[in-house]
Amino acid sequence: MISTLRILGPTGVGKSTFIRNVLSGVDATHSQMPDIGEGSTACTQKITHYVVDLPSRGVAGTRAGGRRLILVDTPGLDSHGTPEHSFELLRSITVWLASLHHDKLKLGAIIYMYPIYPGRITRNELAIFRVFKKICGTQNLARVITITTKWDICPPKMGDDREAELWHAFLGQLANKRGRGVVMRLEDTRESALNVLNEIARHCVEFESEPVVYAIQREIVEEGSLLSNTAAAKALVAALAQKSSASSFGDPLARMVAYFRHPVSP
């Protein structure tokens, strides 16, 4: 059984570090190690796939044994660059998700990573999170697996309060109607990465009984929308417009319309 996992999150959150720790602890002969960035510098420049084969004994109490996981590392939509860079990344994400749906393949899970430390939540981070929500669709947010990172550098007394702050600010939107969500803590160790991966595999098994169609898949494949007309693209324009007053980017909406002249073909 193969489960494909899309990993998203802000630049510098530790997506590539997590994948590197996983690959160093399992049979990853099919994969090349990802590069690791410094601080908030983006090290992932393009969408990259990594293959992980879980041991046949699997995870206790689940049917995840022997499962092949495809980890899809994705650059942060907030990475520094021109609006065209962000538009192209959204296009790449959309083409990938639309192709899965067009070929009747299901995404095992979407993983959203966010740092528990340091600093406060910025307007830009909230704006980019709204883009993420529009990609998924509100009805599917409870299916997102949330991983909080940087626990190894977070002061012990601050972690729980910071987690509660993030939950109240926006991570709580990734909960189901009972207020529960799939949230895991990740430290920068091989053991922690493998423990989190096993939990992800367990949830993938549970999710398979009720596959979902993500919002941008429905808009592009089923409704035939242009990418510029999708909710995610409009949210991205709003996010870019929010910071354009302090830059020389110009009008993000006009630049997006010019960039997305052609429909997305799965």
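Values for this structure:
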| read-out | value |
| --- | --- |
| Checklist (1) at pLDDT below 90; (2) more than 18 Å from the chain's Cα centre (by Cα); (3) among the aliphatic types (A, V, I, L, M) applied to Ile153, failing item | (1) |
| Enumeration of residues in region 167-189 that are surrounded by 15 or more Cβ atoms within 10 Å (Cβ to Cβ) and modelled with pLDDT of 90 or more | Met184, Arg185, Leu186, Glu187, Asp188 |
| Flag for Val196 being touching a residue at least 24 places away in the same chain (Cβ under 8 Å) and within 23 Å of Lys134 (Cβ to Cβ) | no |
| Pair list, Cβ < 6 Å and 6+ apart or interchain, from region 214-228 residues that are more than 22 Å from Arg6 (Cα to Cα) to residues that are modelled with pLDDT of 95 or more and in a helix (DSSP H, G or I) | Ser225/Glu219 |
| Of residues in region 116-160 being among the small types (Gly, Ala, Ser) and under 16 Å from Pro10 (Cβ atoms), the one surrounded by the fewest Cβ atoms within 10 Å (Cβ to Cβ) | Gly119 |
| Lone qualifier among Val221, Val205, Val196 - being closer than 24 Å to Leu141 by Cβ, at pLDDT below 90 and aliphatic (A, V, I, L, M) | Val205 |
| Extreme residue, surrounded by the fewest Cβ atoms within 10 Å (Cβ to Cβ), among residues of region 97-114 that are in a loop (DSSP other than H, G, I, E, B) and out of contact with any strand residue (DSSP E or B) (no Cβ under 6 Å at 6 or more places or on another chain) | Lys104 |
| Test result for Ile19, touching a Pro at 6+ places or on another chain (Cβ under 6 Å) and modelled with pLDDT of 85 or more | yes |
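The values are calculated or read from the model by the stated rules, or taken from the named source; none is laboratory data. In this text the structure is predicted, and so the values were computed from the model without any measurement. We place every Cβ from the backbone using ideal geometry, glycine too, and count neighbours over all the protein chains shown.
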